[in-house]
1. Based on Cα positions only, what radius of gyration and what Dmax would you give for the range A:201-269, in angstroms?
2. Looking at the range A:150-262 from every direction and averaging, what is the projected area of its Cα convex hull in nm²?
3. Are there trypsin sites (Lys or Arg not before Pro) in the range A:204-259 that DSSP marks as loop and that have at most 12 other Cβ atoms within 10 Å, and which are they?
4. What are the equivalent ellipsoid semi-axes of the range A:292-390, built from the alpha-carbon gyration tensor (square roots of five times its eigenvalues), in whole angstrom, biggest first?
5. Taking N as the number of residues in the range B:18-277, what is its alpha-carbon radius of gyration divided by 2.2 N^0.38 Å?
6. If you project the alpha carbons of the range B:406-477 onto their three principal axes, what span does each projection cover, largest first, in Å?
7. How many partner chain Cβ atoms sit within 10 Å of a residue's Cβ in peptide A:65-71, on average, as a whole number?
8. Along Cα-to-Cβ, 7 Å out, sits the label point; list in nm, shortest first, how far the one on B:Glu357 is from those in the other copies.
Number of protein chains: 2
Amino acid sequence: MAQQKKMVDDITSMEEDFAKWYTDIVKKAELIEYTSVKGCMVIRPFGYAIWEHMQKILDGMFKATGHENVCMPMFIPESLLQKEKDHVEGFAPEVAWVTHGGNEKLEERLCVRPTSETLFCEHYANIIQSHRDLPKLYNQWVSVVRWEKTTRPFLRSREFLWQEGHTIHATAEEAVEETERMLNVYADFCEQYLAMPVVKGQKTESDKFAGAVSTYAIEALMHDGKALQAGTSHYFGDGFAKAFGIQYQSKENKLEYPHQTSWGVTTRLIGAVIMTHGDNNGLVLPPAVAPIQAVIVPVAMHKPGVLEKANEVKAALEAGGIRVKLDSSDNSPGWKFAEYEMKGVPVRIELGPRDIENNACVLVTRHNREKTVASLDNLADTVKAKLGEVRDALYQSALENRERRTYACTTMDEITAALNEHGDGFVKAMWCGDEACEDKVKEVTGVGSRCIPFAQEHLSDVCVCCGKPAKHMVYWGKAY
Amino acid sequence: MAQQKKMVDDITSMEEDFAKWYTDIVKKAELIEYTSVKGCMVIRPFGYAIWEHMQKILDGMFKATGHENVCMPMFIPESLLQKEKDHVEGFAPEVAWVTHGGNEKLEERLCVRPTSETLFCEHYANIIQSHRDLPKLYNQWVSVVRWEKTTRPFLRSREFLWQEGHTIHATAEEAVEETERMLNVYADFCEQYLAMPVVKGQKTESDKFAGAVSTYAIEALMHDGKALQAGTSHYFGDGFAKAFGIQYQSKENKLEYPHQTSWGVTTRLIGAVIMTHGDNNGLVLPPAVAPIQAVIVPVAMHKPGVLEKANEVKAALEAGGIRVKLDSSDNSPGWKFAEYEMKGVPVRIELGPRDIENNACVLVTRHNREKTVASLDNLADTVKAKLGEVRDALYQSALENRERRTYACTTMDEITAALNEHGDGFVKAMWCGDEACEDKVKEVTGVGSRCIPFAQEHLSDVCVCCGKPAKHMVYWGKAY
């Protein structure tokens with residue numbers, strides 16, 4: 001057909017080459033395009049729209065929990081970055097440095113923010129005097145830069161989009177509560193809206209954020225059995241407050257140091273969605289963040305009445321609050337089927353002359369290609385119900401995949417055997433709390449500690465590595 | 001009162017020192033806070049919320065005109081910036097340069113985007129092959145950096161937030177149409193939502209954007225009689241396409257260069273709102289972008305029933321879609337009155353025991369302090385109507401201010417006399433089109449060309465400067 005734009009190219013199957021399957025999808029579903037700066041990508045309209053839906057839902061959840069949006073500068077003077085010792089050690093090796101403004105060399109070089117704790121601290125010191133100024137519950141939606149050596153779209157890029165929450169409280173208790181609250185917000189968001197089950201837990205000492213007292217994280221398991229850290233929430237105690245001289249006058253008129261938190265999720269969540277739900281035909285999007293929730297593909301489009309009816313159906317679905325697209329281009333129905341499967345549109349609506357005669361249409365759900373015939377009466381309700389079923393089915397399927405690939409082990413040999421036999425996945429095993437054992441498990445079996453889950457289980461009395469008394473049950477895995 | 005947080009400090013009056021009045025407002029209404037990096041500011045929750053409302057309205061207008069959001073990287077390699085000659089000449093002197101990533105010197109230095117034409121062009125070259133790929137109608141919400149020498153919050157900062165639209169079309173006609181369409185969108189936004197009248201016109205050759213064929217702008221007049229460029233829309237012709245090698249195959253199978261536009265507004269609009277509507281008691285916000293549209297101040301708050309009623313009123317207004325705050329803090333009503341006047345809240349609702357007895361409340365509009373007694377029945381409708389009246393009154397008052405300060409002049413002496421007698425303002429005068437005259441007008445009278453308005457008037461046959469035949473009527477003014 002002369003008007004046909006292009007055929008949808010096949011993508012590499014995930015069984016053949018998982019990494020290539022992933023990059024095929026991000027390119028061919030038109031989520032990103034590369035640029036001439038390594039590790040910096042263009043997020044294209046379809047990719048950015050997914051992020052906008054994530055933003056809108058999360059922003060609502062942040063505001064519902066009392067947070068306000070602000071915007072800090074993107075530049076941090078070197079001396080400011082250095083104020084908190086652990087923090088600068090963690091970040092200085094991977095920041096981009098601005099040394100010149102126009103033709104002039106700067107007196108002090110500035111880094112492009114890799115994260116904004118230091119900027120928030122400088123600000124807190126300016127605006128907080130009394131207990132009446134606390135808490136401050138802030139968030140910002142910005143991009144940050146970390147000069148990574150190896151990069152992959154969404155998963156690890158030199159610049160990425162994120163939100164970073166920063167809060168400051170009178171007491172340690174309040175700050176710890178906040179840290180937990182926001183981890184729960186992230187978990188709810190991932191499970192309810194991204195249909196992606198997560199494990200909530202605490203990072204080990206060696207894996208926590210630079211400058212934090214403790215780091216909480218949510219961990220998800222991808223199709224290939226690798227673990228992906230999907231969000232983190234940090235409790236800082238009063239370490240930053242002391243380093244930056246932030247003090248407040250208490251009700252008892254004493255000068256006290258406040259307690260801080262920060263928490264963030266990034267465009268990495270788009271990568272997580274791809275690797276949790278995608279298949280060999282392309283993206284599979286959870287309905288809540290799908291830019292197009294239903295696509296109408298007219299069949300025998302040029303027969304009288306078909307396009308008119310398709311437009312009616314579109315209007316009815318829009319009125320029902322569904323994000324719907326009618327593709328009336330001259331491409332063939334077959335081309336359109338493949339195109340919107342590639343783009344992960346949850347529901348396809350096929351509508352031809354015979355369907356219209358029967359006051360019906362065919363609904364095809366993307367994730368399982370199941371076809372059902374639906375009446376055109378109350379179609380918006382039918383489609384909405386279908387979108388709900390899709391979310392539940394995606395969640396269930398991801399959960400089953402995770403369960404199938406989670407191995408409870410009590411010895412190092414069991415770990416190695418489980419990974420060899422069933423492939424990569426989560427390993428649950430007991431740990432004494434010693435960093436040497438943590439390192440050795442990774443060295444010997446290849447899986448590192450992902451988190452100490454809040455939902456502890458007792459698998460044995462002793463550390464999987466050294467045999468000394470166990471302190472925690474830990475999730476281990478290979479990480480993105 | 002022990003619980004009182006602080007008294008609202010007086011601000012400098014605008015008659016005494018306009019610049020100080022302005023910075024007093026941005027600080028004391030808690031819109032921004034300075035940082036240790038000159039020209040980079042913290043946008044605080046109240047300031048950022050204004051920007052969020054502007055964003056939401058504009059984003060809706062962009063999407064309604066067919067635009068899609070994307071996100072380009074923040075870094076531009078030096079060689080990419082240099083591809084279009086005029087463009088690099090205009091921007092290179094004022095960019096921030098990244099020279100190091102972590103501990104390593106970069107092979108090529110990168111600038112932090114001052115604007116993103118070059119990035120969009122690189123992307124277009126990758127994704128555009130055929131006439132079927134056109135047009136692309138893109139926008140992005142990001143921050144950009146320009147290394148200014150003198151800086152002022154919102155008006156001229158080294159980093160600022162903005163949106164930049166970038167579009168590419170098969171024909172010049174389409175691109176010119178787009179340039180005009182988006183200027184009209186900006187003008188509608190300013191007039192309808194910010195209650196700020198603007199003059200639409202074209203920039204002179206000497207004042208157009210680096211790399212543009214023509215630049216359109218909207219110009220507004222501030223309280224002090226100075227002009228503020230509130231938004232610009234550029235037509236590029238095919239100059240960038242040629243510089244970047246962007247070509248498409250036409251329907252007739254010929255290789256053609258496409259035509260481009262870009263257009264932007266920035267957080268400068270917050271400055272424009274302050275200087276258009278503000279007064280000596282602080283901010284005056286147009287209702288459409290006010291974070292709080294109505295504040296309820298309970299009087300004799302601890303009398304039985306007052307707070308209960310105030311909460312009922314709040315719920316009723318919220319149900320009516322009004323952004324409402326109930327201030328039940330222990331500060332005195334007088335303190336609250338001053339605080340929310342400073343913050344520009346359009347409507348104050350005073351509610352005391354006697355009002356409640358009468359099933360009434362007192363409404364006070366911020367801009368004129370007019371009091372009316374309103375029934376508590378259908379209060380949401382009453383307040384909504386009041387907010388509409390406020391918008392209209394603000395617009396009318398700004399328009400009258402501009403009319404009063406717009407001087408039609410036919411000689412240089414008339415210009416000088418008008419400015420001396422009535423103070424700074426817009427000067428309307430004829431111009432021959434010669435840059436030498438443009439420069440001389442500025443040198444002699446102090447006012448530069450602001451734009452050649454689309455709504456031309458015939459004031460005389462000859463140029464105000466040289467006496468040769470006039471080509472255009474021009475708006476002249478002192479600029480921010």
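Read-outs: derived from the displayed coordinates by stated rules, not from any lab. Remember, predicted model here, so these are calculated numbers, not experimental data. Glycine also receives a Cβ, built like all others from the backbone with ideal geometry; neighbour counts cover every protein chain displayed.
1. Just the Cα atoms of the range A:201-269 yield Rg and Dmax of 16.2, 57 Å.
2. Its average projected convex-hull area is 8.9 nm².
3. Passing both the DSSP loop test and the Cβ count: A:Lys251, A:Lys254.
4. Sorted largest first and rounded, they come to 18, 16, 12 Å.
5. The range B:18-277 yields a ratio of 1.04.
6. 28, 24, 18
7. So the per-residue partner count for this stretch is 5.
8. 7.8
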